[in-house]
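Read the figures in this text as sums done on the coordinates, not as results from a lab. Note that the structure is predicted; figures quoted are calculated from it, not measured. Cβ placement follows ideal geometry from the backbone for every residue including glycine, while neighbour counts extend to all protein chains displayed.
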Amino acid sequence: MSEVRRSRNQMFRGVIAAVDLDEATRPTDAGRFHTALTEGARTRAGELGFKLQTFLVGQQGVNVARLDTILQSRGIQGVLLLPAWNTPDFSKLDWSRYAGIYSDYAIERPALHSVCSDHHRSLIGALERLRSLGYQKPGIVLNQHQDERLQHRWAGAFTSFQRNHADAENIPPLILSEINAPAFTKWFKRYEPDVVIGHSTDLIDWMTACGARVPKTHGFFCLNVTQQDRPCAGLDLHPHTLGARGVELLIAQLQRNERGIPDPASTTMIPGHWVDGPTLVSAALAKKA
């Protein structure tokens with residue numbers, strides 16, 4: 001009974017589990033995205049009469065079999081899986097008892113409904129806007145594993161844009177297992193992009209070391225503003241909204257009394273939006289030029 005709460009207009013209806021993986025290889029800056037996603041899920045769950053409880057699976061947490069026992073003992077039937085850096089495996093949960101949503105691209109073990117950012121659409125839109133600002137030589141820098149886990153959405157959108165814009169110079173993407181200054185410097189000096197697109201704001205420092213003056217001579221655009229450590233233009237991938245939408249989809253399954261692995265699984269995608277910043281020329285300056 002200690003879990004029963006009344007809000008102003010909503011009676012307590014149950015508990016939803018938000019499950020995260022303890023992954024040593026996950027980039028530390030990814031934590032901000034997870035935090036925002038969880039906050040969005042928690043807020044929306046509360047609005048709909050549910051409490052969100054977080055669980056950690058891995059070396060610092062419990063194993064999947066133990067998680068299954070905990071969820072059953074607490075009567076938790078809704079499971080929201082947070083994004084995983086490596087391929088997640090939650091097949092040992094007894095899914096006949098649960099409804100599940102994965103808050104990232106397709107999961108296979110098991111195949112669940114997913115909610116995720118529309119990376120392809122978001123980057124195509126950003127490239128169109130960069131083009132309208134006068135940038136004709138965009139270059140993109142990607143972590144190989146990060147692009148692979150997104151099923152090459154970033155690289156695919158970038159190369160598709162190049163193929164469909166004959167006036168844009170085709171600078172090959174710099175895709176590395178470990179992005180470092182020497183490799184970036186070699187690529188930047190060889191292809192001379194006028195705007196660099198990537199996740200890490202360290203790229204700005206490396207551009208400056210090559211003689212670029214951001215934003216006067218070159219631009220920088222961040223693919224995920226939750227990963228920036230300084231003000232810059234970039235994409236807001238809406239982690240708060242992703243968490244909220246994931247909870248909505250999960251609760252809808254619970255209300256329809258749907259449990260188990262769906263066949264087929266569906267994916268809900270939410271596009272990111274452009275965020276202005278001091279690493280690009282302004283639209284006003286672009287018009288004057």
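Taking the chain as a Gaussian network, where each spring joins two C-alpha atoms under 10 Å apart, which residue of P138, P271, P182 fluctuates the most?
P182
So if I place +1 on the C-beta of Lys and Arg and -1 on the C-beta of Asp and Glu, and nothing else carries charge, what would the dipole magnitude of the chain be about its Cα centre? I want it in debye, nearest 20. Mind showing how you got there, number by number?
Working: 32 positive and 29 negative charges, 134 e Å.
The dipole magnitude comes to about 640 debye.
Estimate the FRET efficiency between D167 and M269 by the formula 1/(1 + (r/R0)^6), using the beta-carbon distance for r and 35 Å for R0, to the nearest 0.05.
Numbers: r = 29 Å, r/R0 = 0.83.
So the FRET efficiency works out to roughly 0.75.
Compute the signed sum of charges (Lys and Arg +1, Asp and Glu -1) over the other residues within less than 12 Å, Cβ to Cβ, of I261. Working shown, then result.
Values: positive: R97, R109, R259; negative: D94, E108, E258, D263.
Here the count lands on -1.
Could you tell me which GluC sites (Glu not before Pro) in segment 89-157 are loop residues by DSSP with no more than 16 other beta carbons within 10 angstrom of their beta carbon? Could you put the intermediate results ahead of the total?
On the way: sites: E108, E128, E148; in loops: E108.
Filter output for segment 89-157: E108.
Using just the helices of the chain, give the 222 nm mean residue ellipticity in deg cm²/dmol: DSSP H runs with n ≥ 4 each add -39,500 (n - 2.57), and the total is spread over all residues, rounded to 500.
On the way: 9 runs with 101 residues, N = 289.
So the calculated ellipticity at 222 nm is -10500 deg cm²/dmol.
Show me 65-73, 234-242 ranked by packing, highest mean number of other Cβ atoms within 10 Å first.
234-242, 65-73
Quick one: dipole size for segment 210-289, taken about the Cα centre, charges +1 on Lys/Arg Cβ and -1 on Asp/Glu Cβ, in debye to the nearest 20. Present the calculation step by step, with values, prior to reporting the outcome.
Values: 8 positive and 6 negative charges, 93 e Å.
Around 440 debye, computed over segment 210-289.
State the number of lysine pairs found in the chain whose Cα atoms come within less than 30 Å, restricting to pairs 8 or more positions apart or on distinct chains.
12
Taking the mean number of other Cβ atoms within 10 Å as a proxy for protection, how do you rank 31-37, 272-278 from highest to lowest? Don't skip to the answer; put the middle values down first.
Values: 31-37: 18.3, 272-278: 15.6.
Going from most to least packed, we get 31-37, 272-278.
What are the ³J(HN,Hα) values, in whole Hz, obtained from phi via the Karplus relation 6.51 cos²θ - 1.76 cosθ + 1.60 with θ = phi - 60°, for each residue of segment 246-253 in sequence order, with x given for Gly and Pro?
So the J values, rounded to whole Hz, are x, 5, 4, 5, 5, 5, 4, 5.
With a/c under 1.5 counting as rounded, go ahead and sort segment 173-233 into rounded, prolate or oblate using the C-alpha gyration tensor (a ≥ b ≥ c being the square roots of the eigenvalues; past the cut-off, prolate if a/b is larger than b/c, else oblate).
Numbers: a/c = 1.73, a/b = 1.13, b/c = 1.53.
Verdict is oblate for segment 173-233.
Give the Rg/Rh ratio for segment 184-289, taking Rg as the radius of gyration of the Cα atoms and Rh as the Kirkwood radius, to two decimals.
Details: Rg = 19.9 Å, Rh = 16.6 Å.
When Rh is taken as the Kirkwood radius, the ratio is 1.20.
I need the trypsin sites (Lys or Arg not before Pro) found in segment 143-249, filtered to DSSP loop residues with at most 13 other beta carbons within 10 Å of theirs.
Numbers: sites: R149, R153, R163, K186, K189, R190, R213, K216, R245; in loops: R213, K216.
When the trypsin sites (Lys or Arg not before Pro) of segment 143-249 are filtered for loop state and at most 13 Cβ neighbours within 10 Å, R213, K216 remain.
Among (i) 29, 21, 19; (ii) 40, 19, 17; (iii) 61, 17, 14, find the value of semi-axes √(5λ) of the Cα gyration tensor in Å that was calculated from the structure presented, and write down its label.
(ii)
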